Every structure is written in structure tokens, then in C-alpha cells.
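Below is one structure; the comments refer to it alone.
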Amino acid sequence: MRIFKKRREDTCAVQSTSCEISKSPFLFATALGVGGASPHRFSPQLALSNGQLIFRASGMKDFRQMKQRGEKITALTAYDYPTARLLDESGIDIILVGDSVGMVVLGYLDTTDVTLDEMLHHTRAAARGVKQALLVADMPIHTYDTPVQAAETARKLVDAGAQAVKLEGGLSHVAQIAAITHAGIPFMAHIGMLPQHVREQGGYRIKGRTQMEVEALLEDARAVEDAGAFSVVLEIVLTDVAKQITNAIRIPTIGIGSGEHCDGQILVTHDLIGLFPWFTPKFVSPEARVAEEIRRAARAFIERTRGTAG
Ligand code: KIV
């Protein structure tokens with residue numbers, strides 16, 4: 001890896017977030033000695049963009065230092081090339097290819113039907129649009145039931161272009177998290193409300209209401225930090241409990257519906273931009289109404305085409 005990095009620096013003379021290196025990716029990859037059947041297998045640093053092989057700078061910032069400095073971390077979801085590219089160009093820190101893709105793009109009832117093939121497909125698409133942000137991919141349910149399976153799944157997502165992976169679980173999954181981090185793959189944890197377990201949990205219920213839940217959450221947060229996570233998503237955790245967790249660990253907490261005391265915030269982009277108008281979580285204040293714009297544009301097109309426009 002070190003040798004590879006050195007060669008990369010030699011080749012990319014200019015210090016930029018990415019640099020075009022060859023019109024012939026396969027030849028170039030062979031020259032680097034990192035060949036494989038698919039360009040995605042070369043390295044997470046190498047990606048095809050508009051038919052050209054590019055080197056992507058790692059979007060991994062020192063998130064612990066950001067926490068220490070009190071700099072808020074920003075994260076949004078993307079599942080396709082244009083959205084990922086737009087978010088990346090906007091300066092977002094982290095782009096998550098979330099398994100929320102199942103609900104807001106694929107039309108499933110929840111995230112439990114999302115497959116690894118679907119996640120790989122969407123991760124490849126998003127990766128083509130990202131130059132500066134850290135691209136994290138979700139590991140779907142039942143793709144990390146054992147530590148060996150977890151490391152294999154994480155590797156596949158990295159081969160598809162992710163720079164880090166996320167799975168749902170705390171103390172119960174330290175063996176899986178350790179397997180992933182020992183494989184050298186950056187890991188983001190996810191505790192609190194776990195959407196992959198929505199059916200057993202009987203809905204999207206707020207966490208941290210009882211002392212037992214608070215203690216379990218604190219234990220989860222410390223366990224994922226010890227297992228090597230670089231950050232932890234707190235999903236719909238009571239504001240004061242999220243604050244307590246944030247103060248108890250050195251890695252940043254990234255909240256979703258967990259109040260303003262977290263070290264960063266993450267949202268499903270469709271919720272933020274009003275692209276899934278049939279349901280908006282209570283904690284989201286949409287910044288745009290994209291669904292309405294789509295309807296307006298479609299109606300205008302229909303009227304223009306039918307000749308009924310006034
Ligand atoms: O799948 C997803 O989008 C997520 C975020 C809501 C954190 O896990």
C-alpha cells in the first residue's frame with residue numbers, strides 16, 4: 001500500500017483532489033501493478049469517471065480533531081452519480097450511500113429488503129461523482145452476521161468505491177467491527193434506533209427514555225469506539241442522552257433526530273430537499289420542495305406537448 005501511495009504521488013504531480021491519469025485505464029492500472037478484472041478492484045483510490053481513470057484523494061478527514069475543535073461534521077445521503085456530485089461540490093464532509101435507498105429510491109416499505117447487490121450498484125454510481133467527501137456505504141441486513149462475513153462485505157463495498165462502511169449495532173457487533181477495522185477499512189458505527197430492526201422494535205421509536213436504555217447506549221458508544229470506529233451515528237436518541245454520549249467518547253457522534261449537541265448531523269437527502277413528499281420525519285425541516293418542482297415541470301411539459309398550455 002505504501003509503495004502504491006508513493007507511485008501515486010509520483011504520477012500525480014499536481015496537488016488536487018483528483019487527477020486525470022490516463023485515457024487507457026486498463027493499461028495504466030497494469031503499469032501500476034494493480035490490475036484486475038474490473039476497475040473497481042484496483043483500489044478505492046482509483047475510479048472511473050466519465051470513462052477516464054482518476055485518482056481520488058481520500059475524503060477521510062481527522063474527524064476526532066474536528067470534534068476537539070468543535071467543528072460540526074456534515075453528512076448527507078446519496079445513491080446516484082448526480083446527487084453525489086452535487087453534494088460533493090457543495091462541500092459536504094461525508095456522503096453516505098445509505099440503505100435508506102430501499103425506501104426513498106426503490107420503494108420498499110423499510111430497509112430490510114435491501115440486498116448487497118443493490119448497495120454495490122448504488123455505491124458504484126455515487127463513487128463516480130465524489131472527489132472530496134468521504135464516501136461511506138451501508139452494509140445491508142444479514143451481510144454481517146459473522147466477523148468473516150462482515151469483513152468480506154466491507155471489502156466488496158470498498159471495491160465498489162466506498163472509502164468506509166457502516167453497520168447497525170453496538171456492543172452486540174464488536175467482533176464484526178473489529179474484523180472490519182483490522183482489515184484496514186474505516187468504519188462508522190450506528191446505534192440508537194436501528195432501522196434494520198424496525199420490525200422487531202415495532203416502529204421508529206425514540207431511544208434513551210429509560211435509565212436502562214441510557215446505560216445500554218453509553219455501553220454501545222464506548223464499545224464501538226474501542227472496536228475502532230472513527231465516528232458513530234446516533235439515530236433518534238433523546239437530546240440530553242445524545243449530549244451525554246457525545247461527552248463520553250472521543251470519536252464524533254453524528255446525529256439524526258438526536259438534537260443539536262451531537263458533533264455532526266446527517267440526514268436523508270430526499271427528506272432535506274423534499275423529494276419524498278409522502279413522508280417526512282418530524283425532526284426534518286426541508287430546505288427545498290423538489291417533488292413539487294418535478295410535478296410542476298411535468299405538468300408544464302404535458303400541457304406544452306398536448307398544446308393545452310395557455
Ligand atoms: O440509511 C441511511 O440513510 C442511514 C442514515 C439515516 C443514518 O443509515
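The values are calculated or read from the model by the stated rules, or taken from the named source; none is laboratory data. All values reported here derive from a predicted model rather than from experimental measurement. When we count neighbours, we look across all protein chains shown, and the Cβ atoms used for this are built from the backbone with ideal geometry, even at glycine.
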With criteria (1) out of contact with any Phe, Trp or Tyr (no Cβ under 8 Å at 6 or more places or on another chain); (2) modelled with pLDDT of 95 or more; (3) over 21 Å from LEU116 (Cβ atoms); (4) surrounded by fewer than 19 Cβ atoms within 10 Å (Cβ to Cβ), ALA221 comes up short on (4)
Restricting the stretch 133-168 to residues that are part of a helix (DSSP H, G or I) and of a type in the set (S, T, N, Q), the one farthest from LEU76 (Cα to Cα) turns out to be GLN149
Restricting attention to the stretch 114-133, does a residue exist that is in contact with a His (Cβ under 6 Å, 6 or more places away or on another chain) and among the β-branched types (Val, Ile, Thr)? no
Pairs returned, first residue in the stretch 100-127 that is within 15 Å of MET139 (Cβ to Cβ) and in contact (Cβ under 8 Å) with a residue 12 or more places away in the chain, second residue that is of a type in the set (Phe, Trp, Tyr) and within 14 Å of the ligand (Cβ to nearest atom), beta-carbon separation under 6 angstrom, 6 or more apart or interchain, are VAL101/TYR79; GLY102/TYR108; HIS122/TYR79
| said: I'd like to check something: does the stretch 191-205 contain any residue that is surrounded by 15 or more Cβ atoms within 10 Å (Cβ to Cβ), among the basic types (Lys, Arg) and either under 26 Å from THR239 (Cβ atoms) or not assigned by TED's automatic domain parsing to the domain that holds LEU96 (or both)? | reply: no
Test THR181 against the stated conditions and say whether it is in a helix (DSSP H, G or I), crowded, with 24+ Cβ neighbours inside 10 Å and either more than 16 Å from the ligand (Cβ to nearest atom) or of a type in the set (Ser, Thr, Tyr) (or both). no
Within the stretch 67-89, residues farther than 21 Å from GLY257 by Cα and in a helix (DSSP H, G or I) come out as GLN68, ARG69, TYR81, PRO82, THR83, ALA84, ARG85, LEU86, ASP88, GLU89
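Would you check which residues across the stretch 88-104 are within 13 Å of the ligand (Cβ to nearest atom) and either of a type in the set (D, E, K, R) or crowded, with 21+ Cβ neighbours inside 10 Å (or both) and list them? Talk me through it step by step, then tell me what you get.
Restricting attention to the stretch 88-104, the residues satisfying the condition of being within 13 Å of the ligand (Cβ to nearest atom) are 94-104.
Matches in the stretch 88-104: ILE94, ILE95, LEU96, VAL97, GLY98, ASP99, SER100, VAL101, GLY102.
Of all residues in the stretch 187-245, how many are charged (D, E, K, R) and within 18 Å of ALA175 (Cα to Cα)? Outline the logic, then answer.
Within the stretch 187-245, the subset charged (D, E, K, R) is 199-200, 205, 207, 209, 213, 215, 219-220, 222, 225-226, 235, 240, 243.
Then keep just the ones that are within 18 Å of ALA175 (Cα to Cα); that gives 219-220, 222, 225-226.
Of the residues in the stretch 187-245, 5 are charged (D, E, K, R) and within 18 Å of ALA175 (Cα to Cα).
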Of those in the stretch 165-178 that are away from the ligand (no atom under 16 Å from the Cβ) and over 23 Å from ASP113 (Cβ atoms), the residue surrounded by the most Cβ atoms within 10 Å (Cβ to Cβ) is VAL174
Margin query: Please determine whether any residue of the stretch 136-152 is surrounded by 24 or more Cβ atoms within 10 Å (Cβ to Cβ), at pLDDT 95 or above and of a type in the set (Phe, Trp, Tyr).
Written below: yes
